[in-house]
1. Being at pLDDT 85 or above, surrounded by fewer than 14 Cβ atoms within 10 Å (Cβ to Cβ) and hydrophobic (A, V, I, L, M, F, W, C) is the requirement here; does V24 meet it?
2. What's the number of the only condition in (1) modelled with pLDDT of 70 or more; (2) loosely packed, with under 12 Cβ neighbours inside 10 Å that A70 fails to meet?
3. What residue, of G94, G48, is outside any helix (DSSP H, G or I), buried (at least 16 other Cβ atoms within 10 Å of the Cβ) and either at pLDDT 80 or above or not hydroxyl-bearing (S, T, Y) (or both)?
Amino acid sequence: MADGNVGANSAPLASEVAPAATLVSELTEALTALGNYLASANKLAISGPLPGPQRLSEALQKSLGQHERAVEATRRLRALNRCRRVVKEDGLIGLR
């Protein structure tokens, strides 16, 4: 009887865990940096007289770069997960 934990009986291989952990770490770092750059851009925008557009533009450009980094890490993590999915004899999708 299915318990809702598809693939729970097979633990991921050590060779699969390390790349996933690396990608999760990279995703976390990128999202943290993105938040920091956006917070800086927000402070620049709401502080006294507007700073030169160059400083605001720089913070926003760095934010966009970190966003792209996070998107790429997410794509790689999804691809890694897709590689681990298998179709069992009973037609259910599980993990190797």
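The values are calculated or read from the model by the stated rules, or taken from the named source; none is laboratory data. These numbers come from a predicted model, not from an experiment. Because the Cβ atoms are built from the backbone with ideal geometry, glycine has one as well, and the counts that use them run over all protein chains shown.
1. Working: at pLDDT 85 or above: yes; surrounded by fewer than 14 Cβ atoms within 10 Å (Cβ to Cβ): yes; hydrophobic (A, V, I, L, M, F, W, C): yes.
So V24 fits the description; yes.
2. Condition not satisfied by A70: (2).
3. Values: G48 fails: buried (at least 16 other Cβ atoms within 10 Å of the Cβ).
Exactly one of G94, G48 is outside any helix (DSSP H, G or I), buried (at least 16 other Cβ atoms within 10 Å of the Cβ) and either at pLDDT 80 or above or not hydroxyl-bearing (S, T, Y) (or both), namely G94.
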